[in-house]
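We did not get these values from a lab; they are worked out from the coordinates using the rules stated. As the structure is a computational prediction, the values presented were derived from the model and not from experiment. No Cβ is skipped: glycine too gets one built from the backbone with ideal geometry, and neighbour counts run over all protein chains shown.
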Amino acid sequence: MSDVPLIIEDDGSVRHLILNRPEKINAIDYAQHLRLMEQFELAEHDPNVKVLTLSGVGRGFCSGDDLTSDSFQGDDPYRHRKVDLEMGSGPAVLLESCQLLHHLSKPTVALMHGIALGSGYDYSLSCDFRIVTEDIRYGDPRIDRALWAAEGWSYKLPRLTNFSLVSRVAYLGEIMNGHTAYAFGLAHAIVSGEPDIRASSRPFLNKLLNVSNAAYTQTKRAILRGMDGSFDHALALA
């Protein structure tokens, strides 16, 4: 593939955002977060896009944050915007990008093979669906390095699976394979990954293409708004 760090590829009404830093197993640096956020916004407002996927080239989906990246070069729209964290401060874009993906009105799918750790794991939990290969190494080992839950997964993970499994993944940093992720309810399908995961996931993506855009948007909006509300509140949203 080309040497651009983020490939945008349209396959009919499916837009693929493909992480393309194979030499670093698609580790995400600050500039890549900015690119992703821009593409999430563009996909949201493009009437030709019905489904958005996030995937990677090479040996894995994403190995996490690029901790060896150089300082960001260029005009940084978030240079004066920081969020306070318990162990320091960080750029708001890391949080806002996942928030934008989480609330996207169209179906969003993480297509993951090989490795999906750290920020790759965070982004995947912001998607509506997660497709994995059998041999994937999936999870967040940051607790082993005395780091905290990032990009909102401490909110999302308990809502995606039951608490007894949350303790294994979050407190113990358990790394899942495809079958474990599927059994935990964190993956929606296991595919071969051949000839590549975008091709092997196409039958699943075709199901999403057949869903009414308007119905999907309305249903997703009601579910997200009602997730933490009362029953009466959920009825009012229906």
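Would you list which lysines come within 20 Å of Lys106, measuring only between C-alpha atoms, while excluding same-chain residues fewer than 8 positions from it?
Lys50, Lys156, Lys207, Lys220
Dipole of region 1-74, Cα-centred, from +1 at each Lys and Arg C-beta and -1 at each Asp and Glu C-beta, to the nearest 20 debye?
The dipole of region 1-74 has a size of about 220 debye.
Taking the simple approach of a point 7 Å from Cα along Cα-to-Cβ for both Leu209 and Asn162, what is their distance in nm?
3.7 nm
Using per-residue counts of other Cβ atoms within 10 Å, averaged over each peptide, order 170-178, 93-101, 122-130 from highest down.
122-130, 93-101, 170-178
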